[in-house]
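The values are calculated or read from the model by the stated rules, or taken from the named source; none is laboratory data. For clarity, every value in this text was computed on a predicted model and none was experimentally measured. Glycine gets a Cβ as well: all are built from the backbone with ideal geometry, and neighbour counts include every protein chain shown. In case anyone asks, the SASA skips ligands and DNA or RNA and just uses the protein heavy atoms, side chains included. Shrake-Rupley method; radii C 1.70, N 1.55, O 1.52, S 1.80 Å.
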Amino acid sequence: MLRVIRWYSWCASLALIRSSRATSSGFWGRHTPNTHRQGREPPPPPTTPAPANPPSRLSAPRNRPEGKVLETVGVFEAPKQHGKYETGQLFLHSVFGYRGIVLFPWQARLYDRDVASPVTEKSENVAGHGSKEVKGKTHTYYQVLIDARDCPHISQRSQTEAVTFLANHDDSRALYAIPGLDYVSHEDILPYSSTDQVPIQHELFERFLMYDQTKVPPFVARDTLCAWQEKNHPWLELSDVHRETTENIRVTVIPFYMGMREAQNSHVYWWRYCIRLENLDSEVVQLRERHWRIFSLSGTLETVRGRGVVGREPVLSKEQPAFQYSSHVSLQASSGHMWGTFRFERPDGSHFDVRIPPFSLESNKDEKTPPSGLHW
C-alpha cells in the first residue's frame, strides 16, 4: 500500500522516515516541542489510515518560524533491491534525513570486518591491526547533491562541506570545498519523485541537470556534468570502503587520494578520509577521544591522540544514531595505512574503545594535474 507522508519539523521528519519503513499508514504532522534535546524521546507522530491506493506523498514545512505549514515535496517510490539508481533520482537520506539528487554512481569495494565473506576478487590484510583477512565485495555508492534548505538542519551530524580538493597554487596545505556534495550508500537511498522542475536547491543543480519530462527520472545530465565528472574523476573516485563494529558502534571509513604537492624540496601526498559513526543500540553514548596510528611507506609510524573529532564530541542516541565527518592526512611517501580506536563514554561514566578498521592510503600511479576549481 502506498503512503501519504508529511513532516512538520526536521527532527520529526526523521521519525516519520523511520516509521514509514514499518507501516503503510499515512502520517500528518503537527507542531511539538523538540524534547529529545533534553534527553527525552519526542512523542511519536500521529497516524491516520490512508485511503485506498493513495499517492505516497511527501511533504515538508515552508520557511516559517512555527513550522506548521506543510508543503508537498513528492511521492515515495519503492527502494531498489537490485540494480542502480539513475542520474537525476530524487531521494531522502534514510539516516540524515536530507533531500538530495543522484549525480552518478560509484562502484566501490566494501571490506566489512563483521562479515565472514567467501573468497572474492580482492582481499585485504593491513599490517598493524591484527591478522584478519577481509574479503571485499562490490557495493554501490552515489555522488549526490544535498538540498541547501536542509543543510542547516544536518550540520551538527554530517558535514555539508566534506568533499575537499587541493588548491592549485603554491600553498601546499590550501584546500577548497564544494558545499552540499556527498557520497551516499545504496541502502541509504529512499527514492521519491516530484513534479517540480527544480526540486532541489543547490547552486550546481541547473548547471549539472536539466528537466526532461520524457525521461524517468525526468532530470538528465547536462554536458557540463559529464565534463566535470571526467575532469575530476581521479579526485572524486570512491574505490574502497572499510567497515567494522565494536559493541554496537559501527565505524565506516572511506579514504580518497587528493594529490601530491611539493613543499621544501620534498613531495607531500594528501588524502581525505570520511568517517561515519553509527550507534546500532538504544543506549546513549558519547565519543570522547580518538587514537590514530599512521604508518608511512617511508618507515615512520605516527601516533595521534586527542579529544573528540573535528572539535566535537558527538552524542549518538536512538533519535540521532549517526555522526559523519571528514578529515585529512598527509605523508612524505606515496602510500601508507591508518588504524586506531575511538573511546566512547556510557551514561554511567564507564568507557569502551571502538576499533577503526584499518585502511590503506594509496596514491594514483598515473597522477595528472590536480583540480584547480570547478572544471566544466
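Would you confirm whether or not segment 120-130 contains a residue that is at pLDDT 60 or above and open to solvent by less than 30 Å² (accessible area, probe 1.4 Å)? Within segment 120-130, none of the residues are at pLDDT 60 or above and open to solvent by less than 30 Å² (accessible area, probe 1.4 Å). Within the set GLN159, GLN213, GLN201, the sole residue that is open to solvent by 40 Å² or more (accessible area, probe 1.4 Å) and in contact (Cβ under 8 Å) with a residue 60 or more places away in the chain turns out to be GLN159. Entry remark, segment 343-376: residues being modelled with pLDDT of 95 or more, under 25 Å from ARG109 (Cα atoms) and out of contact with any Ser or Thr (no Cβ under 9 Å at 6 or more places or on another chain) number 2 in total. Within segment 335-349, if we keep just the residues that are open to solvent by 40 Å² or more (accessible area, probe 1.4 Å) and either touching a strand residue (DSSP E or B) at 6+ places or on another chain (Cβ under 9 Å) or hydroxyl-bearing (Ser, Thr, Tyr) (or both), the residue that is farthest from GLU278 (Cα to Cα) turns out to be PRO347.
Taking strands (runs of 3 or more DSSP E) as the structural unit, those lying wholly within segment 232-301 and holding at least 3 residues that are under 15 Å from the mean Cα position of the chain (by Cα) and surrounded by 17 or more Cβ atoms within 10 Å (Cβ to Cβ) correspond to 240-246, 249-263, 266-279.
Determine if segment 309-332 includes at least one residue that is farther than 30 Å from CYS151 by Cα and open to solvent by 10 Å² or more (accessible area, probe 1.4 Å). Yes, the conditions are met somewhere in segment 309-332.
Taken over segment 309-328, the criterion of being at pLDDT 95 or above and over 20 Å from ASP182 (Cβ atoms) is satisfied by GLU313, VAL315, SER317. For ALA116, are the conditions met, namely being open to solvent by 10 Å² or more (accessible area, probe 1.4 Å), out of contact with any strand residue (DSSP E or B) (no Cβ under 7 Å at 6 or more places or on another chain) and either closer than 30 Å to PRO358 by Cα or modelled with pLDDT under 95 (or both)? For ALA116, the condition - open to solvent by 10 Å² or more (accessible area, probe 1.4 Å), out of contact with any strand residue (DSSP E or B) (no Cβ under 7 Å at 6 or more places or on another chain) and either closer than 30 Å to PRO358 by Cα or modelled with pLDDT under 95 (or both) - is met. Has segment 62-75 got at least one residue that is open to solvent by less than 20 Å² (accessible area, probe 1.4 Å), small (Gly, Ala, Ser) and modelled with pLDDT of 95 or more? Checking segment 62-75: not a single residue is open to solvent by less than 20 Å² (accessible area, probe 1.4 Å), small (Gly, Ala, Ser) and modelled with pLDDT of 95 or more.
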